[in-house]
Each structure stands twice: as C-alpha cells, then as structure tokens.
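Worksheet for the structure shown next.
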Amino acid sequence: MRIILLVLTLVAQPVWWLGLIREWFTADRRLTAERRFFGSAVYQDKFEVRHFVLLSLSYGVLASVISVLLGITIPIGWAIGYMILSLLAVIIGPAAGIPITVLTISVLCYQVVDPVKQVTGVDTWLQTTGIHPSETTMIGLLAVMVVTLFIGGLWVHRIGGRFEAPRIYSQRRGKLIAGYRFNELLVVPMLVMVPGDWFTSHLAFWPVLNINHQSVTFIFLPLLIGLRMTIFKQMQRAALKRFAKWELIISALGGLLLIGSFFYSAVFLPAVVGLYLFYLILLVWTRWHDRHQSFWFSKVDRGVRVLGIKPETPAAKMAINTGDIIVECNHEPVNSETEFYEALLLNSTYCHLRLQTPQGDLKVTETAIFAGSPHEIGIVVFRDATH
C-alpha cells in the first residue's frame, strides 16, 4: 500500500503533466514554423514530447538513486514553494530557459524566510502542523541543485544538436540566415525525504517511515530541467556538447562545495550563489562565443546551402553535413532551390552532388532516390523568394 501511494505522488504531479502539455505545444510551434519556412517539417514527429516522457522518467530513476544514496532531505515548506514557482514557470514563463533560476530563487527565498520564522514565532505554529524546519539542514537544497546541474549536463550531452531543426532569420540588411534552436524541457521526478509528520497530520493514510528515531516521508520532487538556446555560427551539436561538458564540470564543483558545506554550514549560501553565477556565465559565454565566429548559415550567391537533412530519406545516407554548399547537382551548376530540383529531375532515380564544405573543401557524393519523387531526397535548403 505504501508503494502504491508513493507511485501516486509520481503520476499525480501537476508540474509533470503541465510540462508535457507545454512540450506538445512547443513541438506544434516548431512544426508550424518549419512548414512555413521550408514547405514541410524537417522532423515530422514531435520528438520534444518523446524526449520529455522517456527522458524525464529515465533520468528520474537516476536522480532518485543518487538522492537515496546521498540521503537528500528537504523541508516540506521549500518543496511546496519550489513546486509553485515551477508551475508558474511552466504555465506563464519561459520554462525551458529558467530552470536553474527557479531553483536558485526558491532556495534563496527559503533562506530569507527561514530566519523570519524563528523571530516572529511562526516556527512554533508550523510545528503544530507537523512542519519542523529546524530538523532539516539546508545542505539538502544544495544537493538538489547539484543533482539538477548534473542531470542537466547529461541530458544536453545526450540529445543536444541531434535534431537540427533550422529557423530562418533576416538580418538588418535583409540577408537570410539560419539559426538552430534547442528548446526542450524536462520534469524529472526525484525521490527525496521530507522529515516531520506533516503528511500524517493532514493525511492519516500517508506512509511514514522512522529513520534514526525521526519520522521521514518519501515523496517525488519534480525537478525542472531545460535549456533554450539558438546557435547561429557553429554546428549545433558541437556547441551544445561543449556547453554540456562545462555544466558537468560546474556540477562536479558543486559536489565539492556540497562536501564542504557538510562540515562548514557557512559554505551553503556562497555555494548556491556561486553555482548559479557560474551557470549564468556559461550561458552568456556560450552565446558570446557563438556570435563571435566568422561563419554564418547564410544564403549564398553561388550554390545552395544545406540547412538540414530529413531522417530516413536518401540524403540521410549521403555524405552531406549541415552547412555544406551544393555547387552541382547531376553535373549541373545550381544557385537556387528551383535550379536544384530541376537538376534532380534530370535523373529520376539517382542523384550526384558536388559540395563545398564550410572549410572550403570540395567533395562528391551520390545515392539512389525514389523514382519519380526527387523532392523526397530530404535536403532542406533556403526556399526561393517567390514561395
């Protein structure tokens, strides 16, 4: 029965379900934009929704194992405040772009409010309801932050840049460029311990364990994890892998600070603020580094720029990379989308391409295509102005 009730706290989380709905609409907006820019979607499936469901749960298992091994204990007051802020971020805010901000604000607010309880006597009233703030050390909140950074780094390293979905932007002088947006969200259910008898005082049937003569309840805390970033001047996969590597390094630093705060409680607040500042610096540096590259995914006068490759198409089997420029198709020079597809029609079952890489090297690739369907080759390019 206790296990069933614990599972119910997992499936009944409003943050998770609202996050799922939000990712559904995020995928809808991406599909609509791609159809407007390119006539059809680069990725027809809603991979954002698939990632949300599968990775939220799989990383939830990992986060829960880490939490149980570390014995992460959090105050119920902070957990409620964090879930409220997470709900607001998912409903009305840019949830994918501010998960660490939401976590940091919730921790700092609790840090400020906690001393007020002691001064005003609110602490006594809370204890009558089963909430015992003094029983919970703040180190648990730092541990939650470290786990969030660690899971976030693993997640971005795994899927960042795997689905290169371009968006078209116009520069000040009207020149068209492509940017690659990563905009995904996870809500990771992490099993944590909450001390006190708040649950039994309100819900008599709730399962409570006694550990070291202390009442402890296990609940699933919905960790908000996400990233929203557009890459303009690099391969998205390489840029996000670099971001993920540094986020993992920050989480390792957080682990060291977590050990330090275990022995010296004064380390807690500087550790929380420091980790957040390091994360903000990483975000700013990643965007700055991207903007200061010389390369653009821009429309070119000679040739046709490859902006994406649709999966499970003939192009996916060819030696073509995003950013390459098609200079010849079936031995005919091409300088526009129309010329490219006209050259494809010269051979309805085979495609021979000559390309120039962003580094200036030339390469040749070829493949069979679907008879009578040259438009299904799967190469995404800038559309002609008449479309």
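The values are calculated or read from the model by the stated rules, or taken from the named source; none is laboratory data. These numbers come from a predicted model, not from an experiment. All Cβ positions, glycine included, derive from the backbone under ideal geometry; neighbour counts span all protein chains shown. Areas reflect the complete protein model, heavy atoms only, side chains present, ligands, DNA and RNA absent. Shrake-Rupley method; radii C 1.70, N 1.55, O 1.52, S 1.80 Å.
Of note:
- For ALA165, distant residues with modelled amide H under 5 Å away: ARG181
- Amide H contacts of VAL381 (H built 1.01 Å from N, under 5 Å, at least 5 apart or other chain): LEU307
- Solvent-accessible ranking of HIS51, HIS292, HIS157, HIS352, largest area first, probe 1.4 Å: HIS292, HIS157, HIS352, HIS51
- Cβ-derived FRET efficiency at R0 35 Å, ARG29 paired with SER294, nearest 0.05: 0.70
- Solvent-accessible surface of region 29-101, taken per residue with a 1.4 Å probe and all protein chains present: 42 Å².
- Of LYS233/LYS299; LYS175/LYS299; LYS317/LYS363; LYS233/LYS317, those spanning more than 18 Å from alpha-carbon to alpha-carbon: LYS233/LYS317
- Per-residue ³J(HN,Hα) for region 259-267, Karplus 6.51 cos²θ - 1.76 cosθ + 1.60, θ = phi - 60°, Hz, x for Gly and Pro: 5, x, 6, 5, 8, 10, 4, 5, 6
- Between the amide H of MET190 and those of LEU221, LEU223, distances stay under 5 Å, these residues lying 5 or more places away or on another chain, with hydrogens modeled in the peptide plane.
- 3J(HN,Hα) along region 287-302: 5, 5, 4, 5, 5, 9, 8, 7, 8, 10, 7, 9, 6, 10, 7, 10 Hz, from the Karplus curve 6.51 cos²θ - 1.76 cosθ + 1.60 with θ = phi - 60°, whole Hz, x for Gly and Pro.
- Of all lysines in the structure, those lying under 18 Å Cα to Cα from LYS310, and not within fewer than 8 positions of it along the same chain, are LYS46.
- Ranked by how many other beta carbons lie within 10 Å on average, peptides 270-280, 138-148 from highest: 138-148, 270-280
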